[in-house]
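Participant: Okay, here's the structure, questions in a sec.
The values are calculated or read from the model by the stated rules, or taken from the named source; none is laboratory data. Everything numeric here is computed off the predicted structure, so don't read it as measured data. Ideal geometry is used to build each Cβ from the backbone, glycine not excepted, and the neighbour counts take in all protein chains shown.
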């Protein structure tokens, strides 16, 4: 997935030059941030809520509590308090408040109340490589009666104290609660469903599923393990990852296209391999952020989600996905944690914070018809799609759709810079010598007939310092090359990439290749790349304050003109006419 660069532990010399404040990515007021928790929209007050795992004492993991932020548009966030919203205070959560979810009622279904459901931790000796300590990961509730300003823990906590009887688990955490009409249908009764992420030792990574009454959130009825896979299913190739030994932060959902629907599971996976070498080498293990689509069925042992096809949710550093269905728009909206593993602790402490939450992403069932092949790969080689033959050599394909939430357009300045019909083989050109802000969105529509097509961003005058984002059509991958992004020895500069292809379709006997549609979001150090509503790659890029150029380039290919049909740049995303909107 990445190439390793030299990484020293020397302290940062000029951290302020490299780490501007983000405009629209949420970070903690100070210290360490990781998993997003309990994203939700409360229609009674018009308020969006999101929590996150937080260590306010340090820029490394530990002392985990919850931070809390609210928003009126789901894009720009304001911290409700600079103190933890929830923190360890009871014997059942003495070692941490870990990941969880929100349900928009009180524990007994009371209206005008909110309930968060979280992992209450009583031991830090928790790891998929160790023997699990029974009862170390419980499930607990806290309720707010003042629209999320304050929270009171339930006197019945923990509502789940132990793992299911008779099971040796590898993990048992990260509660996720919601409705699942597809599961209601096969069970023949209506319920809420709660899942806990983990695995069964020497058997399968899985989620443990419970039926929960909306009239009593303290009563969880165990239904069984929802998923039964071979440990480390699927040696990772270009299109998918390794399901590993233990799962974290799993979410279930039914996703829809205009005409069809499928059931999906998202998860972070632990203990998987990152290459085809299956030797038990610690350097070859990787925490993947994956999804799979499956078919629900009722068995004698309880409901099961049978694996159908799968893929990678994000090809960069994003982990711990968490999502909710918007109660008004019905869109499935997801966030993730963008790690900053590239930075030494000294540099993280010098800037005062580490970690970000991603921009909101819409997840949906991506479906397209009349497909015959990829650029280089045949359809049966692309393991992240479901191929449905339609006859006469054409097919419908399904995969997980992922794109920035459409509301992100509300952060755009009123007028973009625009360019059209530029580029030919083995040429390049400057779009901007220097952007006026460190928060912008770049959109391009590209005819992908060359070998490499893309942009150099955040570059200096001679492009000796730069980050390159490009589509390699021969290798069928999108690449973010950070190797020349800065000269700092204490910032790791791996090159990241993810498998991606374009599809040929056939209609009325004529084959056509879809255009390459690229969207890039920079916000301070964060960088998120999206393509064709089915590819995402998130990372961080640390650059000198003098590096603000953006250029396009084309390498290899024929003599076609107009490689870039359209390029748009919104400079100052999250600002208004150059004025910082900030937190409100």
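Participant: Does at least one position in region 205-215 carry a residue that is under 30 Å from residue 500 (Cα atoms), out of contact with any strand residue (DSSP E or B) (no Cβ under 6 Å at 6 or more places or on another chain) and either surrounded by fewer than 20 Cβ atoms within 10 Å (Cβ to Cβ) or in the same structural domain as residue 311 (by TED's automatic domain parsing) (or both)?
Facilitator: No: zero hits.
Participant: Is it the case, given these coordinates, that residue 151 is more than 24 Å from residue 248 (Cα to Cα) and in the same structural domain as residue 332 (by TED's automatic domain parsing)?
Facilitator: yes
Participant: Further question on the same structure: Could you please let me know if residue 417 is free of Cβ contacts under 8 Å to residues at least 24 places away in the same chain and either on the phi < 0 side of the Ramachandran plot or not assigned by TED's automatic domain parsing to the domain that holds residue 575 (or both)?
Facilitator: No: the conditions fail for residue 417.
Participant: Something else about it: Can you tell which of 54, 66, 61 is surrounded by fewer than 17 Cβ atoms within 10 Å (Cβ to Cβ) and modelled with pLDDT of 95 or more?
Facilitator: Result of the check over 54, 66, 61: 61.
Conditions tested, residue by residue: (1) part of a strand (DSSP E or B); (2) outside the structural domain of residue 231 (by TED's automatic domain parsing); (3) in contact with a strand residue (DSSP E or B) (Cβ under 9 Å, 6 or more places away or on another chain); (4) surrounded by 14 or more Cβ atoms within 10 Å (Cβ to Cβ).
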| residue | (1), (2), (3), (4) |
| --- | --- |
| 106 | no, no, yes, yes |
| 127 | no, no, yes, no |
| 138 | yes, no, yes, yes |
| 141 | yes, no, yes, yes |
| 155 | no, no, no, no |
| 163 | no, no, yes, yes |
| 175 | yes, no, yes, yes |
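Participant: Hand me the list of strands (runs of 3 or more DSSP E) wholly inside region 208-276 holding 1 or more residues that are under 20 Å from the mean Cα position of the chain (by Cα).
Facilitator: Output list reads 246-256, 261-273.
Participant: For residue 522, only one of the following conditions fails: (1) touching a residue at least 60 places away in the same chain (Cβ under 8 Å); (2) under 23 Å from residue 384 (Cβ atoms); (3) assigned to a strand (DSSP E or B). What is its number?
Facilitator: Of (1) touching a residue at least 60 places away in the same chain (Cβ under 8 Å); (2) under 23 Å from residue 384 (Cβ atoms); (3) assigned to a strand (DSSP E or B), only one is false for residue 522: (2).
Participant: Additional query: Go through (1) over 24 Å from the mean Cα position of the chain (by Cα); (2) modelled with pLDDT of 95 or more and name the single condition residue 16 misses.
Facilitator: Every listed condition holds for residue 16 apart from (2).
Participant: Does residue 456 satisfy the condition of being buried (at least 22 other Cβ atoms within 10 Å of the Cβ) and in the same structural domain as residue 566 (by TED's automatic domain parsing)?
Facilitator: Considered against the rule, which asks whether it is buried (at least 22 other Cβ atoms within 10 Å of the Cβ) and in the same structural domain as residue 566 (by TED's automatic domain parsing), residue 456 comes out as yes.
Participant: Mind checking whether some residue in region 369-376 is crowded, with 16+ Cβ neighbours inside 10 Å, under 27 Å from the mean Cα position of the chain (by Cα) and at pLDDT 95 or above?
Facilitator: yes
Participant: Let me ask another. Assess whether residue 546 counts as being modelled with pLDDT under 95 and either assigned to a loop (DSSP other than H, G, I, E, B) or touching a strand residue (DSSP E or B) at 6+ places or on another chain (Cβ under 9 Å) (or both).
Facilitator: Judged against the criteria, residue 546 is a match.
Participant: Shifting gears a bit: Return the residues of region 474-486 that are in contact (Cβ under 8 Å) with a residue 40 or more places away in the chain and surrounded by fewer than 22 Cβ atoms within 10 Å (Cβ to Cβ); say none if nothing qualifies.
Facilitator: 474, 476, 477, 483, 486
Participant: Turning to a different aspect of this structure: Would you pick out the residues in region 533-543 that are surrounded by fewer than 22 Cβ atoms within 10 Å (Cβ to Cβ) and assigned to a loop (DSSP other than H, G, I, E, B)?
Facilitator: The answer is 533, and nothing else.
Participant: Taking region 288-328, which residues are in contact with a strand residue (DSSP E or B) (Cβ under 9 Å, 6 or more places away or on another chain) and outside any strand (DSSP E or B)?
Facilitator: 301, 313, 314, 315, 316, 317, 326, 327, 328 - these are the residues of region 288-328 that are in contact with a strand residue (DSSP E or B) (Cβ under 9 Å, 6 or more places away or on another chain) and outside any strand (DSSP E or B).
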